[in-house]
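In what follows, a single structure is set out as structure tokens and then discussed.
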Amino acid sequence: MSTDDRAAVTTGIARLHASPALAGPGRLGLVTNHTGVLADLRPTAPALLEAGARLTALFGPEHGLHGTAQAGESEAARTDPATGLPVHDTYRRDGERLDALLRASGVDALVYDLQDIGARFYTYVWTMCDLMASAARTGVRFVVADRPNPLGGLVSEGPLLEEAWASFVGRAPIPVRHGLTCGELARYLNASVVPRAAGTAADLTVIEATGWRRALRAEATGLPWIAPSPNIPTPATAAVYPGTCLFEGTNLSEGRGTTQPFEIVGAPYIDARFAPSLAELALPGVHFRDLRYVPTFHKHAGRPLRGVQLHITDREAFTPVRTAVAMLATLRRLYPHDFAWHPADGGAQGTGHRHFIDLLWGSDRLRRTVDAGEDPLPLCDPPAPPDHWAGEHALLYP
């Protein structure tokens, strides 16, 4: 795609930078990380200060303000060297702990500017949800500086989460691939989840991105791609992530510790049968390449593994959730004595002793169906458009 073919998208934070009054009066706290940049790659916190915004505090999510921490971790920094502002770590805080943090910060409004990738289990949106509820309880206004959904906004995939399986990798009944921007998701959550958590809705403002249409994926926006977290390095990674993140709930490596996380999966017990068996499924928009690799960290670190790389051949036809579910069923069939599910661990709040795959999927139905040797693909149906499950009241973009 040439530069001329790209849309001219202006993010919500760029609009706020041009007109700081859009955030309203009072002291502002900025919920951000390294993805919070303007189109010229200037970090938004110092840029907002230079523009005259009354920014007094920063709030960081999982992976930290600078995005250096791995999954399930955050950074220890308490002061931002670029601005001198205090940094408040929100990761693993909710309820009264988050309320206390928000009160101690002294802000009158929170401005949320994080780049999401469009999958339910990506934790930035649940940081947003928890902070919205805390803002509602403490009387702090909440402003979402919106950014495009890098996967586009025409398609959602996978079932709605069942509330009994809620955790920090899924707080509310939304699909695995949700198809909304953060601003749209904030509107949906503020009408459904936040009032139940806080007793009232938050005082919410969404500063819309201009120039974005639901058909546009990350590569077509004209915006720079910043890896949202250490293991989502490229738009290609984001494209497969709503499916292959499910392998976090198994004993397979999902490619962490390599240069192609989530694009490759493997295990010590995989053999020459796996790639041909996947090819026989003729899944749309993807080819599978047999490969061997050695992760440098995380699962099976330092061990030779065999597995497959997903090569997307048609982005329109490719359905990451259905693809990954078909892969899981194939693994159970080929390697019934080796393939296993992982228990939930400390990487997700409120997990208890449940299987992590159940938290990722939003119920135990996928695990039970695969273990029974039944076809799990109907669990992915129907892949409804976002207005089917979120309602048109949540949507902001054509």
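The values are calculated or read from the model by the stated rules, or taken from the named source; none is laboratory data. Note that the coordinates shown come from a computational prediction; the quantities given were computed from them, not determined experimentally. No Cβ is skipped: glycine too gets one built from the backbone with ideal geometry, and neighbour counts run over all protein chains shown.
Output the number of the condition that G170 fails; it satisfies all remaining conditions of (1) farther than 19 Å from A109 by Cβ; (2) surrounded by fewer than 18 Cβ atoms within 10 Å (Cβ to Cβ).
(2)
Okay, residues lined up against (1) on the phi < 0 side of the Ramachandran plot; (2) crowded, with 19+ Cβ neighbours inside 10 Å:
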| site | (1), (2) |
| --- | --- |
| T35 | yes, yes |
| G52 | no, no |
| A76 | yes, no |
| P86 | yes, no |
| R103 | yes, no |
| W126 | yes, yes |
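If you take the residues in segment 300-321 that are over 14 Å from A275 (Cα atoms) and among the aliphatic types (A, V, I, L, M), which one is surrounded by the most Cβ atoms within 10 Å (Cβ to Cβ)?
Ranking the qualifying residues of segment 300-321, first place goes to V321.
On the given criteria, is R93 crowded, with 19+ Cβ neighbours inside 10 Å, touching a helix residue (DSSP H, G or I) at 6+ places or on another chain (Cβ under 7 Å) and in the same structural domain as R177 (by TED's automatic domain parsing)?
Yes, satisfied.
I need the full set of residues from segment 204-224 which are assigned to a helix (DSSP H, G or I) and acidic (D, E), in order please.
E219
Residue-wise test of (1) farther than 20 Å from L38 by Cα; (2) within 20 Å of the chain's Cα centre (by Cα); (3) at pLDDT below 95.
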position	(1), (2), (3)
R137	yes, no, no
V143	no, yes, no
G170	yes, yes, no
Y188	yes, yes, no
V193	yes, yes, no
G199	yes, no, no
V206	no, yes, no
T210	no, no, no
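Scan A239, A329 and give me the residue that is in a helix (DSSP H, G or I), more than 20 Å from R365 (Cβ to Cβ) and in contact (Cβ under 8 Å) with a residue 40 or more places away in the chain.
A239
Return yes when G257 is touching a Ser or Thr at 6+ places or on another chain (Cβ under 7 Å), surrounded by fewer than 24 Cβ atoms within 10 Å (Cβ to Cβ), closer than 23 Å to H342 by Cα and among the small types (G, A, S) and no when it is not.
Here the answer is yes, as G257 does meet what is asked.
Does segment 270-284 hold any residues that are surrounded by fewer than 17 Cβ atoms within 10 Å (Cβ to Cβ) and part of a loop (DSSP other than H, G, I, E, B), and which are they?
D271, A272, R273, L281, A282, P284 - these are the residues of segment 270-284 that are surrounded by fewer than 17 Cβ atoms within 10 Å (Cβ to Cβ) and part of a loop (DSSP other than H, G, I, E, B).
Taking only segment 264-298 into account, find how many residues are more than 30 Å from A71 (Cα to Cα) and basic (K, R).
Going through segment 264-298 one residue at a time, the tally reaches 1.
Which ones in segment 1-31 are β-branched (V, I, T), at pLDDT 95 or above and either out of contact with any Gly (no Cβ under 7 Å at 6 or more places or on another chain) or in a strand (DSSP E or B) (or both)?
Once the filter is applied, which keeps residues that are β-branched (V, I, T), at pLDDT 95 or above and either out of contact with any Gly (no Cβ under 7 Å at 6 or more places or on another chain) or in a strand (DSSP E or B) (or both), segment 1-31 yields T10, T11, V31.
Looking at A344, A324 in this structure, which one is touching a Ser or Thr at 6+ places or on another chain (Cβ under 6 Å), crowded, with 19+ Cβ neighbours inside 10 Å and at pLDDT 95 or above?
A324
So that you can scan it fast, the table gives a plain yes or no per residue for (1) among the hydrophobic types (A, V, I, L, M, F, W, C); (2) closer than 14 Å to P228 by Cα:
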| position | (1), (2) |
| --- | --- |
| L55 | yes, no |
| L58 | yes, no |
| G84 | no, no |
| H88 | no, no |
| R92 | no, no |
| D116 | no, yes |
| R120 | no, no |
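Would you call T259 assigned to a helix (DSSP H, G or I), polar (S, T, N, Q) and under 24 Å from R217 (Cβ atoms)?
no
Scan segment 225-234 and tell me whether some residue there is over 14 Å from the mean Cα position of the chain (by Cα) and not in a loop (DSSP other than H, G, I, E, B).
There is no residue in segment 225-234 that is over 14 Å from the mean Cα position of the chain (by Cα) and not in a loop (DSSP other than H, G, I, E, B).
State yes or no: is E163 more than 25 Å from G12 (Cα to Cα), free of Cβ contacts under 8 Å to residues at least 60 places away in the same chain and assigned by TED's automatic domain parsing to the domain that holds L48?
yes
Give segment 14-32 a look and list any residue that's more than 17 Å from N149 (Cα to Cα), buried (at least 16 other Cβ atoms within 10 Å of the Cβ) and touching a residue at least 40 places away in the same chain (Cβ under 8 Å), or say none.
Across segment 14-32, the qualifying residues are R15, L16, L22, A23, L28, G29, L30, V31.
Do we have any residue at all in segment 217-230 that's among the charged types (D, E, K, R) and more than 26 Å from L395 (Cβ to Cβ)?
no
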